[in-house]
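Data first, discussion second: the structure below is written as structure tokens.
The values are calculated or read from the model by the stated rules, or taken from the named source; none is laboratory data. All values derive from a computational prediction rather than experimental measurement. Cβ placement follows ideal geometry from the backbone for every residue including glycine, while neighbour counts extend to all protein chains displayed. We work out accessible area using only protein heavy atoms, side chains counted, and drop any ligands, DNA or RNA first. Shrake-Rupley method; radii C 1.70, N 1.55, O 1.52, S 1.80 Å.
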Amino acid sequence: MDDNSESPILQTDKKQSQNLKSEKRILRISFIGSALFLLSECAAAFLTHSQAVLMDCIYDLVDLAMLGPFMILVPKLYKPVTERWPYGLSQIESLFIIIKCGLLLFLDIQLMTDSVQLIMDGGHVVNAGAVAAFELAVSASCIIMFFILKHLNKKFSSPTVNAELYIWKLDSYSTAGVGMAFVVQLIMQRTSLAWLVPYVDPAIAIFMAVILLKDPVMMIWDAVKSLILLAPKEEVIEHIREITGSELTKHDIDIDFLDVVKTGRKVWIDIYIVQKDNMLDLRMLKSAQDEIIKKLRAEYDNVFIELIPELKYIK
């Protein structure tokens, strides 16, 4: 039997198994890469005493600390739902993201405060040449890692993998920016602006901290909405209504109410339906459900559909 003759449920199970393998591989590669970069950044931060390098080091440390336990949790996210866990363990993923981004936000503010204090104390001088060479080399390595993970992520996506891709992308931008800034410092040392050199490193750290504030806040907000089972945006609901409505109309079924919940990587859709003649053919209903799942699965990897007859209209 080929894939086209299999039920949408069976195809979904196969896809989930493939996704689990892909996600475990992506996270394993990211973990190894993060560990190697962390060791090099810790050494560089210790040798150069640079606030900018220290910020990169702290970010990677938090990412690594959170990624390790999550690699153990990932297989459990693919377990089927139970009466005890009606939404599975998807909300735990949102909780991890909140904790991870919360730590990044706290450290971001702390490093910003330390850098402001350093400027008020007169700044400090670092080996600009060594820092520039190190940061540009790290940036090139991060770009390579980002594209490797993006290639592996072509046919699969999850909140955790997207967060990892974001961190690698962020690292490549931030390290490139820091590297170029210290190249500018090398030039400044030979000009009348040499008096600004002690303030370059903490100023770069503050600039990076300000730039990095937005994304952790947005990711925390999205995870909070997922954790408290808040409905997605109105345009998402209307898009789902359009897809489901077009299929149900073929069977003379109207949608009375649409209940959409997104938690973690899963989307739960309860469709309350009304049959015009108060008669429901269960085989027809199952066929309509399979078609809806097939259409929505192209946009949502983990989508669960329930067609619920609305009893209040039955006379």
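Computed quantities for the displayed model
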{"quantity": "Sequence of Glu23, Glu242, Glu299 when ordered by accessible area, the most exposed leading, probe 1.4 angstrom", "calculated": "Glu242, Glu299, Glu23"}
{"quantity": "Whichever aspartates and glutamates have a C-alpha closer than 15 Å to that of Lys21, once near sequence neighbours (fewer than 8 apart) are set aside", "calculated": "Asp13, Asp301"}
{"quantity": "List Arg190, Arg297, Arg28, Arg241, ordered by accessible area with a 1.4 Å probe, largest first", "calculated": "Arg190, Arg28, Arg241, Arg297"}
{"quantity": "Accessible surface, per residue, of segment 18-64 when the full set of protein chains is kept, probe 1.4 Å, Å²", "calculated": "45"}
{"quantity": "Estimated FRET transfer efficiency when R0 is 51 angstrom, pair Val224-Gln189 (beta carbons, to 0.05)", "calculated": "0.65"}
{"quantity": "Greater than 23 Å apart at Cα, pairs in Lys154/Lys295; Lys169/Lys294; Lys250/Lys276", "calculated": "Lys169/Lys294"}
{"quantity": "Fully extended contour minus Cα-Cα distance, from Gln117 to Asn162, at 0.36 nm per residue", "calculated": "12.8 nm"}
{"quantity": "Share of carbon and sulfur in the accessible heavy-atom surface of segment 161-315 [1.4 Å probe, %]", "calculated": "63"}
{"quantity": "Cα-based convex hull, segment 213-315, per residue volume (Å³, whole number)", "calculated": "98"}
{"quantity": "Cα pair distances of segment 138-223 binned at 10 Å [whole percent]", "calculated": "15, 35, 29, 14, 6, 0"}
{"quantity": "For segment 128-208: accessible area per residue (Å², 1.4 Å)", "calculated": "47"}
{"quantity": "Linear extension gain, Ala65 paired with Lys24, 0.36 nm per residue minus alpha-carbon span", "calculated": "13.1 nm"}
{"quantity": "Förster radius 41 Å - calculated FRET efficiency between Phe106 and Ile148 (Cβ-Cβ, nearest 0.05)", "calculated": "0.85"}
{"quantity": "Virtual paramagnetic centre 7 Å along Cα→Cβ of Ser287, amide N under 11 Å, in segment 237-278", "calculated": "251"}
{"quantity": "Accessible-area ranking of Val178, Val274, largest first, probe 1.4 Å", "calculated": "Val274, Val178"}
{"quantity": "Inter-part distance where segment 227-295 and segment 27-46 are each reduced to a Cα centre, Å", "calculated": "45"}
